[in-house]
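The values are calculated or read from the model by the stated rules, or taken from the named source; none is laboratory data. Note that this is a predicted model, so its numbers are computed, not measured. Counting neighbours? That spans all protein chains shown, and the Cβs are built from the backbone with ideal geometry, glycine included. Heavy atoms of the whole protein, side chains included, go into the accessibility calculation; ligands, DNA and RNA do not. Shrake-Rupley method; radii C 1.70, N 1.55, O 1.52, S 1.80 Å.
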Amino acid sequence: MTTARNAHGTDAIITTEQPTFGFVVVANRLPVDRVEAPGGGSWRRSPGGLVTALEPVMAANDGAWVGWPGVADKEFDAFDNDGSWLVPVELSTDEVETYYEGFSNDTLWPLYHDVIAQPSYHREWWDAYVAVNRRFADAAAEVADEGAVVWVHDYQLQLVPEMLREARPDLTIGFFNHIPFPAYGIYSQLPWRKQILNGLLGADVIGFQRLADAGNFSRAVRRLFGYTTKGTNIEVPVESGGTRNVVAKHFPISIDVSGYEELAERGDVQARAEEIRAELGNPSVVMLGVDRLDYTKGIGHRLKAFGELLEDERLSATDAVLVQVASPSRERVETYKTLRDEIELTVGRINGDHGSIGHQAINYLHHSYPREEMVALFLASDIMLVTALRDGMNLVAKEYVASRIDEDGILVLSEFAGAADELKSALLVNPHDIDGLKDTIMQAVSMPRRERVQRMRALRRRVRDNDVARWSASFLDELDQARPAGAPEVRAPEGS
Ligand code: GDG
């Protein structure tokens, strides 16, 4: 509470206390982005998968969401957005460079993706990471009810669980890591490896995408701290003596399957799919890649395989077209600038060698598209190429399957994407093996319809059985078991 002078010149009590909530999400980004414009700004729903995943849980629980609004040096008050209470956390321009582009995206991201790119280690980036994690933890502590459930997301906020537990031992805390957790031999490079593990161990439940990620985490805890682990349980010593149980377990994330099915059923989306094929010159085979332009996604490997198939004349550029959507990503980070140059050089070379007037072998699109257009692209393509070198899950693979209500289409899927653990009826590939990748693409090109349908049916069953509502419900169920008796319950959305 503060006292301020009001318009009448007398003192007025202004309440700065926030309302508190029984369910709080903490993520690097808010579910809305701030769009600044001359004369004022506005809030635009950000279309990420996490928003879709958590929207129903937020609605069922009247929850709060703590996150950065996406613009630097701007302070905003908390506000209500469609029944969710949003708490913006401010980042300075310098923190965007050091905490976000630096430590999160140029240290942790490459390290956790098996050092596909070289991670940079800078002590000032680490300091900024600690300071920003503290700010998120403080904001969450302020908005959480007594005994609330707090769900923290992703590698940008790994210190938040411990910071929150210190400030608010009454809370039940979950953490979900959306990206892989690397093997100890790689993780142990990190100069702050112990601090990060301690940060995460502040949670009651730590969720990972794959069984192997949860195993890597538990192994790191054993190696660095010597704590006892039994199955998915880790015994973490507490100051007062004894231990506290922490669960480290895999909860593979998924998508809003019926949302994709509904889009795929729409007449305008199906018409657009046909239009796309016509615009491509009605080739016999349309292949598709959809990725953020990121070095983990194996876009270069895919282009190399496709280029060589044209070169070897196993495919002809008039019969086979590759559409590559590469949505702009992290454009201020140097590695990403270099990657963009490399990819665009390769596309240019292949098109120069194999294209003709009015016809390109590769349609390269460095844009973001609305979801309707993405589904139309999924429906228009015969073969979906997901060739990630390392990927927590890869939602695009699941979105492709969910959209193929016609039970046709072939998914070529990297075994290094988390989705490969579930989508076994895809054509699984090792993207590093270019010859193997080429052969798999050719196997897809000549696959008879019966086999295509058989595989797609199995994939669709799998994706429908494990949609995003099931994911959030199973994580929250696990968290519920860690909740002390008498603390308020978190409700699963209806129908999950
Ligand atoms: C991280 C992990 C994990 C992409 N371009 C456009 C667009 N997208 C959408 C896709 C998909 C999402 O963005 C990307 O999700 P992915 O899972 O494929 O990959 P990351 O962004 O790296 O996500 C990943 C995920 O977190 C969730 O835990 O699976 O492993 O790295 O939904 O469709 N959407 C639209 N236009 C585009 O141009 N509308």
| task | Using a 1.4 Å probe and counting only protein heavy atoms, arrange R452, R314 so the residue with the most accessible area comes first. | result | R314, R452
| request: Run the quick spin-label model on E146 and E334: label points 7 Å from Cα toward the beta carbon, then report their separation in nm to one decimal. | output: 5.3
| said: So if a site counts as exposed when it's one of the GluC sites (Glu not before Pro), its DSSP state isn't H, G, I, E or B, and it has at most 11 other Cβ atoms within 10 Å, what's the longest stretch of the chain without one? | reply: 76-238
| Reciprocal of mean inverse Cα separation for the stretch 219-375 (Kirkwood radius, Å) | 19.5
| said: Quick check: with the 1.4 Å probe, what order do I186, I206 take by accessible area, largest first? | reply: I186, I206
| Given a 1.4 Å probe and every protein chain left where it sits, what share in percent of the accessible area of the stretch 257-465 is carbon and sulfur? | 45
| Which loop trypsin sites (Lys or Arg not before Pro) in the stretch 330-390, with loop taken from DSSP, have no more than 12 other Cβ atoms within 10 angstrom of their Cβ? | R332
| So how far apart, in nm, are the two label points at A278 and E36 if each is 7 Å from Cα heading toward Cβ? | 4.4
| What pairs from K249/K304; K194/K249; K74/K398; K304/K337; K249/K438 go past 28 Å between their alpha carbons? | K249/K304; K74/K398; K249/K438
| Angle between the chain longest axis and helix 434-445 axis [Cα atoms, degrees, rounded to 10] | 70
| task | Mind putting together the pair-distance distribution for the stretch 240-313? All Cα pairs, 5 Å bins, whole percent per bin, short to long. | result | 3, 9, 10, 13, 16, 15, 11, 6, 4, 4, 3, 2, 2, 1, 0
| In what sequence, largest accessible area first, do S104, S284 appear using a 1.4 Å probe? | S284, S104
| note | Residue-normalised value, i.e. accessible area per residue, for the stretch 159-249 at 1.4 Å probe, in Å², stands at 38
| message | For the chain, take the longest principal axis of its alpha carbons; what is the angle in degrees between that and the long axis of helix 267-279, to the nearest 10 within 0 to 90? | response | 50
| field | Solvent exposure of the stretch 257-465 as accessible area per residue, Å², 1.4 Å probe | value | 42
| field | Percent breakdown of C-alpha pair distances by 5 Å bin, ordered from the shortest bin, for the stretch 257-465 | value | 1, 7, 16, 20, 22, 18, 10, 4, 1, 0
| said: Considering only C-alpha atoms, what is the centroid distance from the stretch 127-184 to the stretch 256-316, in Å? | reply: 38
| remark: Measure of exposure for S240: accessible area at 1.4 Å probe, Å² rounded to 10, is 110
| request: Using only the Cα atoms of the chain, construct the convex hull and provide its projected area averaged over every direction, in square nanometres to one decimal. | output: 26.5
